[in-house]
1. Rounded to the nearest 10 degrees, what's the angle between the helix B:255-276 long axis and the longest principal axis of chain B, both from Cα atoms, 0 to 90?
2. Ranked highest first by average number of other Cβ atoms within 10 Å, how do C:100-111, A:38-49, C:172-183 line up?
3. Please report the base-10 log of the normalised intensity I(q)/I(0) for the stretch C:42-133, using a Debye sum with one equal scatterer per alpha carbon and no solvent, at each q in 0.13, 0.14, 0.17 (1/Å).
4. Cut-off 15 Å, label point 7 angstrom out along Cα-to-Cβ of C:A131: give me the residues of the stretch C:86-101 whose amide nitrogen falls inside.
5. Can you give the accessible area per residue of chain C, in Å², using a 1.4 Å probe?
6. Under the Karplus relation 6.51 cos²θ - 1.76 cosθ + 1.60, θ = phi - 60°, what is the ordered set of whole-Hz ³J(HN,Hα) values for the stretch A:30-44, x standing for Gly and Pro?
7. Magnitude of the Cβ-charge dipole of the stretch C:1-157, K/R +1 and D/E -1, about the Cα centre, nearest 20 debye?
8. How big is the C-alpha Rg of the stretch C:83-229 next to the rule-of-thumb value 2.2 N^0.38 Å, as a ratio?
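The values are calculated or read from the model by the stated rules, or taken from the named source; none is laboratory data. In this text, all values refer to a predicted model and were calculated from it rather than measured experimentally. Cβ coordinates were reconstructed from backbone atoms using ideal geometry, including for glycine residues, and neighbour counts include every protein chain displayed. The protein model used for the area step is the full one, side chains on, heavy atoms only, and it has no ligands, DNA or RNA in it. Shrake-Rupley method; radii C 1.70, N 1.55, O 1.52, S 1.80 Å.
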Amino acid sequence: MVCARLERVVSHHTSFFTDPEMSLMMNRVRCHGVALLVLALGTAAMLADASSRRAAQGRRAAEVEAAVRLLGTADLALSSASRWLRHPSLSEPGAAFADAPALLDADPAGALIGPPFEVSGPGAGGTAGRTMPWRSR
Amino acid sequence: MRRHLALARFALGSGGRRAGRTLTLTLALALVTAAFSAVLFLTEALRREYRLGVGLLPDLTVQRLVAGRPGLIAEAHARAIAAIRGVTRVEPRVWGYYFVPALAGNFTVVGADFAGPSAGVNPGVVLGEGRLPGRGATGEAVLGEALAGFLGLSVGDAIELPVGNGSQRFEVVGLFRSSVALWSADVLLLSLEDARRFLQVPEGEATDLAVRLSTPDEATVAAGKIAELVPGARIVDRQLLDRTYDLTFDTRGGLMGAMLLPALAAFLVLAWDRLTGVGPGERREIGVLRAVGWKTSEILEARLWENLLIGAYGAGLGLLGAYGYVFLLGAPGLREVLMGWSSLYPAFDLAPAVTAGQVLVVGTLVVVPFVTLSLVPAWHATTRDPHGLLRGTT
Amino acid sequence: MKATSDIAIRALGLTKRYASGRSERTALREVNLEIPAGEFWTVNGPSGSGKTTLLGLLAGMIAPTAGEVHLGGRCISHLRDSHRALVRRHAVGMVFQEFAMIPGMTLEENLHLPRVPEGGPRRADRDRARALLDRFGLTALAGTRVERLSAGELQRGAILRALLGDAPILLLDEPTASLDAENVARLLDLLVGLRNEGRTLLATTHDPRVVNDPRWDGVLRLADGALVS
């Protein structure tokens, strides 16, 4: 019913909508249009859900704050297999390669959690970068 | 406008006539998008969690490297550092790891000064059960949820752990809340003295020094001075800590994403194969269109509509699927890979860090190459002799 | 419309060479022809003599290696590919040996294919289509998928599509190839009728039933890519 009204409105501007064949054409296009709209709405709903979940989690900011203050580190307890996996922010440059320089960690988490930044980030060559941690000789 | 609509409608018809191909490609595209997006969503969410706590970290953390590995640092240095201009407080910290063969892994031991800096922490906020160790008390411990579960302990239980030639006994007085499990899952929280004894860190030494400054801008200058004061010092400033997880997940572990590259490549090969083999039916169709007077640009536009639609459906379904997989189902499979071989899994309920920008980027990364790829063989077919295409000889 | 002094189709030194691997194959060699407007000519020759290539060049579907094609007095061989496509849409109606229909689409949808890039058939197009369908006895089959139609019906459909654009020139490639005797006779009558309406027709064939029909205005013979008298 809505579609019929829409067609009447549009037909003031173009004559081809009054054509029965053309309305058949519009059916198909319309069908996909609706499907895409549903997809777009789904995506919008996803973003809205994400936003509301963030808001909900935000309420536990105080708890996180207390925990970090107590523990002294913000590193996530994702993997306790090796020290550089547990505290990547504080492990020394060679930690990831303790076994062998080019060996990827046997632990799959090692694939996700990269070696400390000095190895691959700025200053990796040993020259002082802007944010290079200082090391005295 | 009418032209484009007519071409779009023709494209829909084409897609319908090749329903098998259309469906296969849409599904493959959705799968690849979902896999890639799932990794992205998970790592971004974790990065966000890390960020929640990073603001509270000390401005500078001083370690001492011995033979390239972190050794212990003398507390005496703390006094010298405290004298530097701009330094408001220096706190020697005692923490480390305790290896458990049964776990085939470590748990983290943290010593907290309940008379000092940790005194201000409200136990009710961070604990799910029990209380923090009392001031001056010994043999009291707070456990992380997963650790307690692994050891089979609850508040009131006691455990004896081997240390050196002897052992040390602890009574569980509290358990961390599950909402902070991501940070505390594997933690054994002790008083400073207990931690020292347990980790065998002698008096006068510490694991590292936490330095707080009056303003963060002092960091460079202060760090330089500390480097002069402490031989073998390694100084990590907060900016770096802040970026750790950025680099962590971006480098190697965009390796997870990199592992998906073969999948992506496979899909592209599939796409290329199907599109170039631009099956005989499709080539014939292009031949017909050329023959009846369609311009190359018009044929390509119809193709574009068809593949844009496939791309949109594939990417859309993939993104929604990935979101559901990670945040509604908890990423089964992927999460275990993330946790590694460790048996202490923090139970976590991640907040999505998904933004419209990310969605747009993923969508573009998936749709644009696919659509571009699909146009090439079509364009190639339009350059062939239409007669040959009609007969199937070209 | 009929003026015998007008030349509808003219080819000057038309040559087409194909590169196949390292060697070159000459499909057409220095072909010169003039077809007056309103006449029906045939091009005879064995298969492989270059008839299809000739039609393709005359319709602007392929570009010549050398030489020129003039339709209605205008040179088309120097046009860009996109403009030559427009020629095929409006100035020339082409009927292919393989019918050039898209399976899965109905007869009517196939008829309106050339109109799609212009926004689809307009009311006038639809009316004319219906009139032609009626004239060709295909009205009942308009909504049938083309893979279900017989060769005779497809042939008529193909001609119908060529006529829809009201092109003054019709090029037909082996129009009787898949037809039985009865349909051949019907088709030839139809083509002659079109000629009498004032259209220019050029048909390639090696079908003796067509070759021996006395109603044509002229015959060209192709052998090995060149015209022989």
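1. 0 degrees
2. On the way: C:100-111: 21.9, A:38-49: 14.2, C:172-183: 18.1.
Result, highest mean first: C:100-111, C:172-183, A:38-49.
3. Log10 I(q)/I(0), no solvent term: -0.57, -0.65, -0.90.
4. So the set is empty, nothing qualifies.
5. Numbers: 9510 Å² over 229 residues.
With all protein chains present, chain C gives 42 Å² per residue.
6. Taking θ as phi minus 60°, the curve returns 4, 4, 5, x, 5, 4, 5, 4, 4, 4, 5, 5, x, 5, 4 Hz for the stretch A:30-44.
7. On the way: 23 positive and 16 negative charges, 43 e Å.
For the stretch C:1-157, the charge dipole is close to 200 debye.
8. Numbers: Rg = 15.4 Å, N = 147, 2.2 N^0.38 = 14.7 Å.
Normalised by 2.2 N^0.38 Å, the Cα Rg of the stretch C:83-229 equals 1.05.
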